[in-house]
Amino acid sequence: MSHETGAETKRLIRALKGMSVDQTPIWLMRQAGRYLPEYKKTRAEAGSFLDLCYNPDLAEEVTLQPIRRYGFDAAILFSDILVIPDALGQTVSFREGEGPVLDPITRLEQLDELDTGSVLERLQPVYETVRRLKASLPAETALIGFAGAPWTVATYMVGGRTSSDQAAAKLWAYRAPEAFQKLIDILTEATILHLTAQVEAGAEIVQIFDTWAGSLPEAQFRTYSIAPTKKIIHGLRAKFPGLPVIGFPRGAGALAIDYVRSTEISGVSLDTGMSPAWARDNLQTLACLQGNLDPLLLVAGGAEMREAATRILKALSHGPFIFNLGHGIVPQTPPDHVAELVEFIRAAK
Ligand code: 1CP
């Protein structure tokens with residue numbers, strides 16, 4: 001592999017493999033989306049949000065929009081973590097201003113109704129989008145595929161919507177751990193299939209979003225976040241040895257050390273609250289770090305944003321590092337501030 005020869009030219013892949021880079025690579029979580037006027041236009045053309053995810057022409061277009069504007073080092077496939085429950089046959093919709101709405105799954109018997117055999121077939125349009133992106137992206141731009149981690153996807157499947165405390169999923173896990181584990185296992189298998197198909201279609205890196213990892217106590221974090229993530233990575237690497245995988249165990253705090261060690265993940269995306277100095281001292285010898293500018297500093301912009309970016313670069317750019325946010329871009333972000341941030345990171349030495 002390029003790891004040995006040093007022939008790899010994409011900055012993001014080099015950083016994830018612990019190789020030297022000429023500049024700090026940068027991309028931003030949720031870099032396509034409602035803060036861009038051109039996204040809103042395409043989104044309106046598509047009909048529903050899922051129609052956009054399953055339309056390879058339009059999904060390719062919105063993936064490329066932030067690349068054209070800002071020249072990020074990576075494009076992330078335009079899709080959503082909730083295409084998995086949709087492909088499993090659960091009713092999923094996205095309502096304006098309300099976020100995702102699912103018919104909640106609350107009983108063991110409902111798990112038997114999930115259609116685990118058709119995931120790949122139903123998600124073919126997503127893999128077609130990946131194939132098109134692979135062909136149309138600039139040579140220097142890495143292509144990231146992604147999925148939600150089983151725990152995070154389960155919180156939506158069980159709760160039926162975004163929740164601030166993930167109470168429905170946690171209570172099911174505490175009251176009926178065997179039934180809940182069955183859901184986690186179904187999601188783990190579906191996620192391996194889904195990410196494998198993305199890599200086969202041309203994704204060079206995959207990111208696993210565990211947005212709600214931080215709500216789990218230590219024992220459950222090990223069972224529902226670390227263990228399935230480890231299984232997914234082993235499943236992928238059995239087929240694609242050395243595949244770079246980035247994890248986003250948001251809110252994991254010091255448990256990020258065990259997360260990285262156990263899963264053997266290549267990169268860890270730091271959330272906004274994580275201390276860069278702590279991460280440097282405790283994580284950077286184990287994995288490439290990614291992060292972690294507060295998305296609201298990108299809304300504020302100006303000197304405050306640049307100073308925060310400088311502090312992050314100072315702490316982290318001496319080891320393997322990818323500049324990013326501590327969570328996704330928010331819709332009220334001025335596009336000019338994104339341009340300003342990219343210019344600033346490009347100019348930094
Ligand atoms: O109408 C719209 O345009 C809906 C907004 C939107 C967008 C742009 C949703 C609904 N999903 C997405 C795309 C998306 N989601 C991407 C594609 C790449 C990109 O935008 O550049 C990715 C990687 C995601 C991942 C995702 N979806 C996560 C994990 C990351 C994170 O931000 O924590 C989660 C939790 C979701 C669920 C989801 N999808 C959409 C919404 C509004 C939500 C809920 C978020 C929440 O519960 O807070």
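Bear in mind that the values in this text are calculations on the coordinates, not laboratory data. Computed from a prediction, not measured in an experiment: that's the story for all the values here. Don't worry about glycine lacking a Cβ; one is built from the backbone with ideal geometry, like all the others, and counts go over all protein chains shown.
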Quick shape summary for the chain, equivalent ellipsoid via Cα gyration tensor, semi-axes whole Å in descending order, reads 29, 23, 20
Using DSSP to call loops (not H, G, I, E or B), can you name the GluC sites (Glu not before Pro) in the range 201-306 whose Cβ has at most 16 other Cβ atoms within 10 angstrom? 264
Given the range 121-249, what whole percent of its Cα pairs are spread farther than 26 Å? 26
At each listed q (0.34 Å⁻¹), what is the log10 of I(q)/I(0) that the Debye formula gives for the range 159-198 modelled as equal alpha-carbon point scatterers? -0.99
Could you check which residue among 133, 111, 195 shows the biggest mean-square fluctuation in a GNM of the chain with a 10 Å Cα cutoff? 111
Divide by every residue of the chain the summed helix terms, -39500 (n - 2.57) for each DSSP H run of at least 4, and state the resulting mean residue ellipticity at 222 nm, rounded to the nearest 500 deg cm²/dmol. -14500 deg cm²/dmol
Check: the range 207-349 dipole with +1 on Lys, Arg Cβ and -1 on Asp, Glu Cβ, in debye: 540
If a/c stays under 1.5 just call it rounded; otherwise compare a/b with b/c (prolate if a/b is bigger, oblate if not). Do that for the range 263-349, with a ≥ b ≥ c from the square roots of the Cα gyration tensor eigenvalues. prolate
Give the order of 278, 172, 212 when sorted by the count of other beta carbons within 10 angstrom, beginning with the fewest. 278, 172, 212
Relative to the longest principal axis of the C-alpha atoms of the chain, give the angle of the C-alpha long axis of helix 302-316, reported between 0 and 90° and rounded to the nearest 10°. 80
Quick one: putting +1 on the C-beta of Lys and Arg, -1 on the C-beta of Asp and Glu, what dipole do you get for the chain around its Cα centre, in Debye to the nearest 20? 760
I want the antiparallel fraction of DSSP beta bridges within the range 7-347, as a percent rounded to 5. 15
Charge dipole of the chain about the Cα centre (unit charges at C-beta), most positive-ward option of 318, 302, 36: 318
